[in-house]
Amino acid sequence: MGQNGDIWVWIETARDGAARETGLELLGAGRALADQKAADLVGIVIGNSTEKAVRAAGLYGADRVFVVEGPEYAVYTTDAYVCALYALARKYEPAVILAGATRAGRDLAPRLACRLKTGLTADCTGVEYDGESGLVRWTRPALGGNLLAAILCPECRPQMGTVRGGVFQKAAPAPFPRAVVIREDIHVPSQRIRTEVLQFMERKMDAVRELMAARVIVAGGRGAAGPGGFEMIRELAELLGGVVGASRGAVEAGLAPRECQVGQTGITVSPDLYIACGISGAVQHLTGIARAGTVIAVNRDPKAPVFQAADYGIVGDVEEILPELTARLRSAKYTKK
Ligand SMILES: Cc1cc2nc3c(=O)[nH]c(=O)nc-3n(C[C@H](O)[C@H](O)[C@H](O)COP(=O)(O)OP(=O)(O)OC[C@H]3O[C@@H](n4cnc5c(N)ncnc54)[C@H](O)[C@@H]3O)c2cc1C
């Protein structure tokens, strides 16, 4: 495979047919790849009611959108979606396929890669061309997050990767979307779909979405375990019009819910301001804030690694610094409108 240079992005859809954010963010990354090789950026939309997602794909940069529609795609199932994408990929032979490292993306991409007999770099935090080989260079945390590995796929095609949400920013919507929509009639017989969705149980995704979109995050670690630690963090976040994040240490200590965890096994965030309170700065945490704007760290240990990643550091006790900071901000009338 690989005669065609197109860059494909799977635009995952929600149950109401709208495009999920991760796919739209990936169109931004795909656009950069496509422009460098003068290739087309193609959005892939699979679902039962695809109109909203198709429109969004065009709005956020796709040159073409392949649409596969049918009742068998109303909810995500591995069998149906892999069959549809496999059929498309065999027919059009893209150079690159990007998918979000979402639950569905992490399920779909390896299965598809296996069928296409190609490789997959999962859970990437960076995607760009390698200057020397001209191949896509996928960057992902390796060895428990202690280093960032650069991975190339020199022989098999397409080059495939999943990318975490929040790693790329969504592009500005195109003023005059001009995507060509191509509908493909691909159907999967029900006997080939081995799973059936019986019930949906809502997770607290609002908190996750809020954290991913937040411009200001005040995050606490195990060092904020003292009396009122997270209460102070919440107060400061509220004052700044931001939301609360947490390290895994804080989540494991029961100080914050799992949905708030930032980092390699949590959420990748990209706020303008990130205030880390009582967080040591383990590489697995820092991976999640690599795209933050200004980072301020509060830690009583001047040697804490978080200070290496911070733009501003305050050495001191969370219990003393946070009330002081909050009081000063309040008196400066720096309050959320
Ligand atoms: C595969 C893998 C994936 C991981 N994924 C993640 C992830 O997604 N996110 C994540 O965060 N971690 C992750 N971790 C865990 C990570 O390695 C660290 O263990 C974790 O980030 C530590 O959390 P912490 O900084 O809150 O706690 P600690 O390491 O215990 O640090 C607490 C810090 O608070 C300071 N402190 C203590 N008391 C106070 C006080 N009163 N005032 C001010 N400072 C104080 C201390 O000096 C210290 O620096 C992962 C680990 C592995 C192996």
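The values are calculated or read from the model by the stated rules, or taken from the named source; none is laboratory data. Just so it is clear, the model here is predicted, and its values are computed rather than measured. Counting neighbours? That spans all protein chains shown, and the Cβs are built from the backbone with ideal geometry, glycine included. Keep in mind that these areas ignore ligands, DNA and RNA; they rest on the heavy atoms of the full protein, side chains included. Shrake-Rupley method; radii C 1.70, N 1.55, O 1.52, S 1.80 Å.
Scanning for something near the ligand (Cβ under 9 Å from one of its atoms) and open to solvent by less than 60 Å² (accessible area, probe 1.4 Å), does region 235-242 turn up at least one residue? No: region 235-242 contains no residue that is near the ligand (Cβ under 9 Å from one of its atoms) and open to solvent by less than 60 Å² (accessible area, probe 1.4 Å). Checking each residue of region 53-61 against the condition of being surrounded by fewer than 21 Cβ atoms within 10 Å (Cβ to Cβ), touching a strand residue (DSSP E or B) at 6+ places or on another chain (Cβ under 7 Å) and not in a loop (DSSP other than H, G, I, E, B) gives no match. In region 39-52, the residues that are under 14 Å from Glu184 (Cα atoms) reach residues that are part of a strand (DSSP E or B) and among the charged types (D, E, K, R) with C-beta atoms within less than 7 angstrom, at least six apart or across chains, in these pairs: Val42/Arg64; Gly47/Glu69; Asn48/Glu69; Thr50/Glu69. Exactly one residue among Arg300, Arg328, Arg258, Arg291 is open to solvent by 70 Å² or more (accessible area, probe 1.4 Å) and near the ligand (Cβ under 8 Å from one of its atoms), and that residue is Arg300. Within region 263-277, take every residue that is open to solvent by 10 Å² or more (accessible area, probe 1.4 Å) and within 6 Å of the ligand (Cβ to nearest atom) and give me the one that is farthest from Thr139 (Cα to Cα). Step by step, filter region 263-277, then rank; the result is Gly266.
His285 versus (1) touching a strand residue (DSSP E or B) at 6+ places or on another chain (Cβ under 6 Å); (2) within 8 Å of the ligand (Cβ to nearest atom); (3) closer than 27 Å to Arg164 by Cα; (4) part of a helix (DSSP H, G or I): which is the lone unmet condition? Of (1) touching a strand residue (DSSP E or B) at 6+ places or on another chain (Cβ under 6 Å); (2) within 8 Å of the ligand (Cβ to nearest atom); (3) closer than 27 Å to Arg164 by Cα; (4) part of a helix (DSSP H, G or I), only one is false for His285: (1). Of all residues in region 243-255, which are under 15 Å from Glu210 (Cα atoms) and within 10 Å of the ligand (Cβ to nearest atom)? Once the filter is applied, which keeps residues that are under 15 Å from Glu210 (Cα atoms) and within 10 Å of the ligand (Cβ to nearest atom), region 243-255 yields Gly245, Ala246. Give me the residue from region 303-325 that is more than 21 Å from Ala256 (Cβ to Cβ) and touching a Ser or Thr at 6+ places or on another chain (Cβ under 9 Å) and, out of that set, least open to solvent (accessible area, probe 1.4 Å). In this case the residue turns out to be Asp311.
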